[in-house]
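Asks: Here it is, the structure, as structure tokens.
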Amino acid sequence: MKVYIEPIGKLINEFSKLPGVGAKTAQRFAYKIINMTDSEAKDFADAIVNVKSKVKYCSICGNYAEEDVCDVCKSRSSDTICVVKEPKDVIAIEKLNEYNGVYHVLHGTISPLDGIGPNDINIKGLLKRISESDVKEVIMATNPDVEGEATAMYITGLIKPLGVKVSRLAHGIPVGTDLEYADEVSLARAFVDRKIL
């Protein structure tokens, strides 16, 4: 005997394909959709269709955009480029309201174990941007994990000979953390990145 009728089972299956969505959450999402008004369900479906048809990658930086060039690339000076792994990292940095340069999205990091090498991510686009404009600084803002560090070091090695300043976001112990609970990698990085007071 089938647990769900076919339309509900299919909807649950589709929701369960989303990252972080298990069987129970997918089931709750499906029931929520069933209980929506026709208008609410149509708006939800239209939002999915619209995001797939209207969102593309900026031809300059690789961030999400509705047009060929994103709003950040159109409106800001390109003398500082912040390099990130993926578009959601741009959003995280933009929420801070502290950075007013442009971005470069790699769409991944170097990971030999996963078969991802330098040619599989958007490094060539970054080097092209640097060679074609007056870039003064590149900020490496990849994640502080093995792949992010390896990618940052690899790109730094390519950029430094070009005479462009390369910096890395500071890493270490999060504010509010007791030293005894900090992991060894974060604590070690905090010592390496310590600042003079």
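The values are calculated or read from the model by the stated rules, or taken from the named source; none is laboratory data. What you are looking at is a predicted structure, and each value in this text was computed from that prediction instead of being measured. Positions of Cβ are backbone-derived with ideal geometry, glycine not excepted, and every protein chain shown enters the neighbour counts. Calculation scope for accessible area: heavy atoms of the full protein, side chains included, ligands and nucleic acids excluded. Shrake-Rupley method; radii C 1.70, N 1.55, O 1.52, S 1.80 Å.
Asks: Counting GluC sites (Glu not before Pro) as exposed when in a DSSP loop with at most 12 other beta carbons within 10 Å, what is the longest stretch of the chain free of them?
Replies: Here the longest segment lacking exposed loop sites spans 99-197.
Asks: How big is the Rg/Rh ratio for the range 37-81, C-alpha atoms only, Rh by Kirkwood, two decimals?
Replies: Answer for the range 37-81: 1.23.
Asks: Using the Kirkwood radius over Cα pairs, work out the Stokes-Einstein diffusion coefficient for the range 2-68 at 20 °C and 1.002 mPa s, in µm²/s as a whole number.
Replies: D, rounded to a whole number, is 154 µm²/s.
Asks: Once amide H atoms are placed 1.01 Å from N in the peptide plane, what residues at a sequence separation of 5 or more from residue 104, or on another chain, have their amide H within under 5 Å of its amide H?
Replies: Correct list: 82, 83, 84.
Asks: Non-local amide H neighbours of residue 116 (under 5 Å, H modeled in plane, Pro and chain starts lacking H): which ones?
Replies: 111
Asks: Could you pull out every one of the lysines with an alpha carbon less than 23 Å from that of residue 10, ignoring same-chain neighbours closer than 8 positions?
Replies: Within the straight-line limit of under 23 Å, residue 10 reaches these lysines: 2, 24, 32, 42, 52.
Asks: Once you have the Kirkwood Rh of the range 8-115 from its Cα pairs, apply Stokes-Einstein at 37 °C and 0.692 mPa s and quote D in µm²/s.
Replies: Reported coefficient: 196 µm²/s.
Asks: If amide hydrogens are placed 1.01 Å from N in the peptide plane, which non-local residues have theirs closer than 5 Å to the one on residue 182?
Replies: Sorted by chain and number, the residues that satisfy this come to none at all.
Asks: Please sort by residue number the trypsin sites (Lys or Arg not before Pro) in the range 84-114 whose DSSP state is loop and whose Cβ has at most 14 other Cβ atoms within 10 Å.
Replies: Sites meeting the loop and neighbour criteria: 95.
Asks: Starting from the residue with the highest accessible area, list 162, 106, 127 in decreasing order, probe 1.4 Å.
Replies: Result of the area sort, largest leading: 162, 127, 106.
Asks: So which helices of the chain fit the span-like rule, where a helix is a whole DSSP H run, its Cα atoms reach 15 Å or more along the axis, and its mean Kyte-Doolittle is at least -1.0?
Replies: The answer, listed by residue number, is 23-34, 38-54, 146-159.
Asks: Expressed as a whole number of Å, what is the distance separating the alpha-carbon centroids of the range 111-180 and the range 17-64?
Replies: 31
Asks: Per q in 0.10, 0.17, 0.19 1/Å, what log10 I(q)/I(0) does a Debye calculation on the alpha-carbon atoms of the chain return?
Replies: Rounded to two decimals, the profile gives -0.61, -1.16, -1.28.
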